[in-house]
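A short write-up of the structure that comes next.
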Amino acid sequence: MRNRCCCSIALAVIAGMLVVLAARAVAAAPLYDTPVYNPDTKSYFELVLIRTTKYSYRNSPDVNWPQAFELAKSRSYKGAQGRLAVVRDLATHEFLMRTFKTETPTWIGLRWWCADHKLQFVDGKMWSRGTFQAWDAKWDHSGVQRCEEYQSYKKPEFMPVAYSPVQEGFRWFAQGWHKAYYAYFVEYPTGHP
């Protein structure tokens, strides 16, 4: 009788632990395809997961930055045209990380111009020293080696910027224009909720 009681208690404890772990797993899951309002920027943001697109290559539903740029512009929400997300401050960075919990590299609206050694947001404004940045420590800020590859491809001389997955630190890194990922952040600058 005592063994049954101990086993029942043990099973109840294990069941409780499984419920807690399952709840944590659900809470930590990425939030895809759901615009969420950020009052700091007066914009909605959305994490778009590429499932299938006209850009699919070898049945792989991933896109490079120029393709994600066009796809973001083709979206709208509450009357606002989408754009790749502009991340100018820590509050927006933390909002994206906390809200969407991306598990894959994710394109944003920022690019590194190789010839000028400057960063530019998709709204046309330039990034300036002393303002917010979230670079991965492993990324070489000079970009010299990766920029040289553009000369051989004769493509636009910029490296687009993406976020690393949350589990890898949720940091910026720049890649070649041809690199493709499965997700991108869209911003809808509505000006109100």
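The values are calculated or read from the model by the stated rules, or taken from the named source; none is laboratory data. Keep in mind it's a predicted model, so treat the numbers as computed, not measured. Accessible surface areas use protein heavy atoms only, side chains included; no ligands, DNA or RNA. Shrake-Rupley method; radii C 1.70, N 1.55, O 1.52, S 1.80 Å.
Numerical summary
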item	result
Failed item, numbered, when Val86 is tested on (1) modelled with pLDDT of 95 or more; (2) over 23 Å from Gly169 (Cα atoms); (3) hydrophobic (A, V, I, L, M, F, W, C); (4) open to solvent by less than 80 Å² (accessible area, probe 1.4 Å)	(2)
Hits in the range 106-131 - residues which are modelled with pLDDT of 95 or more and in a loop (DSSP other than H, G, I, E, B)	Val122, Asp123, Gly124, Lys125
Residues satisfying the stated conditions in the range 41-56, i.e. under 20 Å from Glu187 (Cα atoms) and at pLDDT below 95	Leu49, Ile50, Arg51, Thr53
Positions within the range 89-105 being open to solvent by less than 70 Å² (accessible area, probe 1.4 Å) and on the phi < 0 side of the Ramachandran plot, in sequence order	Asp89, Ala91, Thr92, His93, Phe95, Leu96, Met97, Thr99, Phe100, Thr102, Thr104, Pro105
Qualifying positions in the range 106-121 - open to solvent by less than 30 Å² (accessible area, probe 1.4 Å) and either aliphatic (A, V, I, L, M) or over 18 Å from the mean Cα position of the chain (by Cα) (or both)	Ile108, Leu110, Cys114, Leu119
Number of positions in the range 152-171 that are at pLDDT below 90 and open to solvent by less than 50 Å² (accessible area, probe 1.4 Å)	2
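Table: residues versus (1) over 27 Å from Pro35 (Cα atoms); (2) at pLDDT 95 or above; (3) in a loop (DSSP other than H, G, I, E, B).
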position: Gln145; (1), (2), (3): yes, no, no
position: Tyr150; (1), (2), (3): yes, no, no
position: Phe173; (1), (2), (3): no, no, no
position: Trp177; (1), (2), (3): no, no, yes
position: Tyr184; (1), (2), (3): no, yes, no
